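Notes follow the structure.
The values are calculated or read from the model by the stated rules, or taken from the named source; none is laboratory data. Computed from a prediction, not measured in an experiment: that's the story for all the values here. Here the Cβ positions follow ideal geometry from the backbone for every residue, glycine too, while neighbour counts run over all protein chains shown.
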Amino acid sequence: MKGIPIRIEIGPKDLEKKQDVVVRRDSGHKETIDDKDLAKKIPILLEDIQKNLYLRARAFLDSRIDTARDLAQLAKKLDEGKIVKVFLVDDKEVEAKLKEKTGANSRIVEEQAHEGVCVVSGESTKTIAYVAKSY
């Protein structure tokens with residue numbers, strides 16, 4: 001039932017009482033709702049489920065991002081399956097050396113206000129890269 005955010009259960013007793021049991025996929029929480037309120041409650045539940053799934057995904061992503069100051073640290077953290085934020089000179093040769101030494105490449109590159117040392121070349125740079133392996 002993956003992908004279905006809400007399951008609505010209607011049994012004989014529910015029909016008699018004019019109510020429905022709504023089960024959330026994200027939490028498994030069951031709630032009994034009157035038939036007449038179902039159309040109002042479903043959009044609210046869907047919005048809450050979306051928010052909950054986003055927050056869980058964001059927390060998971062944030063827990064997987066780490067930093068490294070040198071190539072050895074970078075390689076170790078990549079082997080742990082992390083996305084690693086490092087200073088990296090924005091150059092094709094540096095990117096090629098990074099790929100050769102770690103098997104990873106940069107996913108996002110952004111400029112910073114402060115300088116750091118490139119983990120591959122040792123040069124001073126203001127460029128930050130998020131480095132990860134493809135699986």
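The single condition among (1) outside any helix (DSSP H, G or I); (2) without any contact (Cβ under 8 Å) to a residue 40 or more places away in the chain; (3) closer than 30 Å to Y130 by Cα that I4 does not meet is (3).
Looking at L78, L45, can you tell me which residue is in a helix (DSSP H, G or I), outside the structural domain of V117 (by TED's automatic domain parsing) and modelled with pLDDT of 95 or more? Of the residues listed, the single one that is in a helix (DSSP H, G or I), outside the structural domain of V117 (by TED's automatic domain parsing) and modelled with pLDDT of 95 or more is L45.
Here's the yes/no breakdown for (1) of a type in the set (D, E, K, R); (2) over 30 Å from K101 (Cβ atoms); (3) at pLDDT 95 or above:
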residue	(1), (2), (3)
L15	no, yes, no
V22	no, yes, yes
D26	yes, yes, no
L55	no, yes, yes
I65	no, no, yes
D70	yes, no, no
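Would you say I128 is of a type outside the set (D, E), touching a residue at least 24 places away in the same chain (Cβ under 8 Å), surrounded by 12 or more Cβ atoms within 10 Å (Cβ to Cβ) and closer than 30 Å to G3 by Cβ? Break it down stepwise before answering.
Working: of a type outside the set (D, E): yes; touching a residue at least 24 places away in the same chain (Cβ under 8 Å): yes; surrounded by 12 or more Cβ atoms within 10 Å (Cβ to Cβ): yes; closer than 30 Å to G3 by Cβ: no.
Answer is no for this residue.
Just name the residue that is surrounded by the fewest Cβ atoms within 10 Å (Cβ to Cβ) out of those in the range 57-83 that are more than 14 Å from the chain's Cα centre (by Cα) and of a type outside the set (D, E, K, R). Give the steps one after another, and end with the answer.
First, the residues of the range 57-83 that are more than 14 Å from the chain's Cα centre (by Cα): 67-80.
Of the ones still in play, those that are also of a type outside the set (D, E, K, R) are 67-68, 71-75, 78.
Numbers: T67: 13, A68: 19, L71: 17, A72: 10, Q73: 15, L74: 25, A75: 16, L78: 19.
Filtering the range 57-83 for residues that are more than 14 Å from the chain's Cα centre (by Cα) and of a type outside the set (D, E, K, R), the one surrounded by the fewest Cβ atoms within 10 Å (Cβ to Cβ) comes out as A72.
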